[in-house]
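Peer 1: If you scroll down you'll find the structure; I have some questions about it.
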Amino acid sequence: MALAHAIMTALIDNDLSGYELAKDFEASLGFFWRASHQQIYQELHKLADKQWLNKREVSQSGKPNKIVYGLTRSGRDALASWVFESSKMQPAKDELLIKLYNLSEENSQHLAAEVAERRQQTMRMLYLYEKIRMRHYADTAALGVRHKGVYLALRAGISQGEQFLAWCDEAQAMLSALQDKRGAS
């Protein structure tokens, strides 16, 4: 998926400034697609050049004017066409998994600590996902069509997080057993 499609998706309901878009992106689509503020701003300019986004200047008192972006008809059409294209599964890029290929008795304690930290990070993420789910998606029958799609993406994140927690527990048990064996030697 191109970052362009994620940005256009974020602009479906509201026109936003680059700053507002970057903040909203971090709190929703950013859970599934990473982009820096700089990448977002660069892509906004490209999309405006393609005339898939319009931009307008909004005056602000005591601050510099801001540029607000919104989807154009051709941008909506491009986004609608993209939805019908085949999706590609992205392989995971996770340093911890590569480090585990290098597991030894000497580094098992350190890697166990990394797994424990990753478990804590996942717990925090799941807490946030559940908070969002309860606040905005508790009654799935009452959701509009597009919001049902957002709910399904959120559920995928929750399911993946729960699966990762189970893996962390298995990894910690195995790494603890290594440490116990090392201590007994």
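The values are calculated or read from the model by the stated rules, or taken from the named source; none is laboratory data. Everything quoted here is computed from the prediction, not taken from an experiment. Cβ sites come from the backbone with ideal geometry, for glycine too, and all protein chains shown count toward neighbours.
Peer 1: Considering every residue within the stretch 24-38, establish whether at least one is among the small types (Gly, Ala, Ser), assigned to a helix (DSSP H, G or I) and under 20 Å from Ala153 (Cβ atoms).
Peer 2: Yes, that holds for at least one residue.
Peer 1: Could you tell me whether the stretch 63-84 includes any residue that is in contact with a Lys or Arg (Cβ under 7 Å, 6 or more places away or on another chain), exposed (fewer than 12 other Cβ atoms within 10 Å of the Cβ) and touching a residue at least 24 places away in the same chain (Cβ under 8 Å)?
Peer 2: Among the residues of the stretch 63-84, not one is in contact with a Lys or Arg (Cβ under 7 Å, 6 or more places away or on another chain), exposed (fewer than 12 other Cβ atoms within 10 Å of the Cβ) and touching a residue at least 24 places away in the same chain (Cβ under 8 Å), which makes the answer no.
Residue by residue, here is whether (1) outside any helix (DSSP H, G or I); (2) surrounded by 13 or more Cβ atoms within 10 Å (Cβ to Cβ); (3) of a type in the set (Gly, Ala, Ser); (4) in contact with a helix residue (DSSP H, G or I) (Cβ under 6 Å, 6 or more places away or on another chain) holds:
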| site | (1), (2), (3), (4) |
| --- | --- |
| Met89 | yes, no, no, no |
| Ala92 | yes, no, yes, no |
| Leu97 | no, no, no, no |
| Ser104 | yes, no, yes, no |
| Ala116 | no, yes, yes, no |
| Arg119 | no, yes, no, yes |
| Leu126 | no, yes, no, yes |
| Met134 | no, no, no, no |
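Peer 1: Right, here's the next one. If a residue must be outside any helix (DSSP H, G or I) and surrounded by 14 or more Cβ atoms within 10 Å (Cβ to Cβ), how many such residues does the stretch 143-185 contain?
Peer 2: Residues meeting the conditions: 1.
Peer 1: Do the conditions hold for Leu47, that is, is it in contact with a helix residue (DSSP H, G or I) (Cβ under 9 Å, 6 or more places away or on another chain), part of a helix (DSSP H, G or I) and either of a type in the set (S, T, N, Q) or under 30 Å from Asp180 (Cβ atoms) (or both)?
Peer 2: So Leu47 does not fit the description; no.
Peer 1: A further question follows. Are any of the residues in the stretch 117-129 within 26 Å of Glu170 (Cβ to Cβ), over 18 Å from the mean Cα position of the chain (by Cα) and outside the structural domain of Phe32 (by TED's automatic domain parsing)?
Peer 2: Taking every residue of the stretch 117-129 in turn, at least one turns out to be within 26 Å of Glu170 (Cβ to Cβ), over 18 Å from the mean Cα position of the chain (by Cα) and outside the structural domain of Phe32 (by TED's automatic domain parsing).
Peer 1: Among the residues in the stretch 6-28, are any closer than 18 Å to Val68 by Cβ and at pLDDT below 80?
Peer 2: yes
Peer 1: Would it be correct to say that Gln109 is surrounded by 10 or more Cβ atoms within 10 Å (Cβ to Cβ), in contact with a helix residue (DSSP H, G or I) (Cβ under 8 Å, 6 or more places away or on another chain), touching a residue at least 24 places away in the same chain (Cβ under 8 Å) and in the same structural domain as Ala173 (by TED's automatic domain parsing)?
Peer 2: Against the criterion (surrounded by 10 or more Cβ atoms within 10 Å (Cβ to Cβ), in contact with a helix residue (DSSP H, G or I) (Cβ under 8 Å, 6 or more places away or on another chain), touching a residue at least 24 places away in the same chain (Cβ under 8 Å) and in the same structural domain as Ala173 (by TED's automatic domain parsing)), Gln109 qualifies.
Peer 1: Shifting gears a bit: Output the qualifying pairs, or none if there are none: Cβ atoms under 9 angstrom, residues six or more apart or on different chains, first residue in the stretch 26-51 and without any contact (Cβ under 8 Å) to a residue 24 or more places away in the chain and surrounded by fewer than 14 Cβ atoms within 10 Å (Cβ to Cβ), second residue among the charged types (D, E, K, R) and assigned to a loop (DSSP other than H, G, I, E, B).
Peer 2: Pairs that qualify, where the first residue is without any contact (Cβ under 8 Å) to a residue 24 or more places away in the chain and surrounded by fewer than 14 Cβ atoms within 10 Å (Cβ to Cβ) and the partner is among the charged types (D, E, K, R) and assigned to a loop (DSSP other than H, G, I, E, B): there are none.
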